[in-house]
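Nothing in this text is a laboratory measurement; each read-out follows from the coordinates by a stated rule. Because the structure is predicted, anything quoted here is derived from the model rather than measured. Here the Cβ positions follow ideal geometry from the backbone for every residue, glycine too, while neighbour counts run over all protein chains shown.
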């Protein structure tokens, strides 16, 4: 799908990949880009950086009704939504020690928010004959996140949902892409990514990309209607190894975990 004259909504647009995506979509010729973030002030900064073709709104993506309202408001002001970018996310270390509520919170932001977006925009897209969904998952959605059980679970769910949408709506004009990067220079990674935590060191092993590089890869995927967006090409190799010998992959990840933890 070409982005010229299209209307887009980007969640998590206050910084990082979301900000770079909003700016890149605008540069590609979008008619209007709605920049949303839990922090409305940072979303506003992004919109001001972009200029007249962008607006901003505070949005909690865990609130399905709020997503429905932002879609309705955008369509009333700027026209039909052609592209919805579900990018909002956050990091949290932990596993069985975390209460179920923390696992549920991450599922709400990283997976069910994508479902809410699809419910809000797909009916209209089908009626118009097409549209596009871009979901930010993570390499953790194809592999794992060693020191965060809820992150691994929720990002796997994001990939699974994107697959399901692509299978069920691809023949009806709905394009779907899912972004699965490793380390990107964002707030989630933190200022000292290479030494801050096992998960940061895991992600940074193949290099830390700038958000603009990742955004460019996403825009290219949208133009070519390519499902899987892998700014770190090494992820494809790791994913293939996992698929072809799961037990060996698990053994290797246990060794990697011991290395990261100093054990």
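Taking other C-beta atoms within 10 angstrom as a stand-in for reagent exposure, 36, 144 fall in the order 144, 36, fewest first.
Hey, can you rank 12-23, 156-167, 92-103, 131-142 by average C-beta count inside 10 Å, highest first? Kindly include the intermediate steps, with their values, before the conclusion.
Values: 12-23: 27.6, 156-167: 18.9, 92-103: 12.6, 131-142: 25.3.
In decreasing order of mean packing, 12-23, 156-167, 92-103, 131-142 become 12-23, 131-142, 156-167, 92-103.
Helix 113-128 and the long axis of the chain differ in direction by around 40°, with both axes built from C-alpha atoms. Seen against the Cα atoms of the chain and their longest principal axis, helix 64-78 is set at about 40 degrees.
Helix 16-27 and the longest principal axis of the Cα set of the chain meet at an angle near 30°. As a rough footprinting exposure proxy, the listed residues 84, 32 were ranked by other beta carbons within 10 Å of their own, and the order from fewest upward is 32, 84. When the chain is treated as a Gaussian network with alpha carbon springs shorter than 10 Å, the biggest mean-square fluctuation among 123, 231, 211 belongs to 123. Using a ≥ b ≥ c from the Cα gyration tensor of the stretch 34-79 (square roots of the eigenvalues), is it rounded, prolate or oblate, where a/c under 1.5 gives rounded and otherwise the larger of a/b and b/c decides, a/b for prolate? Since a/c reaches 1.5 but b/c is at least a/b, the shape of the stretch 34-79 is classed as oblate. Only bridges whose two residues both fall in the chain count here: according to DSSP, what percent of them are antiparallel, nearest 5? In the chain, approximately 0 percent of DSSP beta bridges are antiparallel ones. Taking the fewest neighbouring Cβ atoms within 10 Å as the starting point, the ordered list for 63, 206, 247 is 247, 63, 206.
Looking at the square roots a ≥ b ≥ c of the eigenvalues of the Cα gyration tensor of the stretch 30-134, which shape do they give, rounded for a/c under 1.5, prolate if a/b is larger than b/c, or oblate?
Working: a/c = 2.59, a/b = 1.48, b/c = 1.75.
Oblate, because a/c is 1.5 or more while a/b does not exceed b/c.
Note on the chain: GNM, Cα springs under 10 Å; of 127, 221, 80, the largest mean-square fluctuation is that of 127.
Relative contact order for the chain: what percent, with Cα pairs under 8 Å and sequence separation of 6 or more?
Working: 509 pairs, mean separation 45.7, N = 263.
Relative contact order here is 17 percent.
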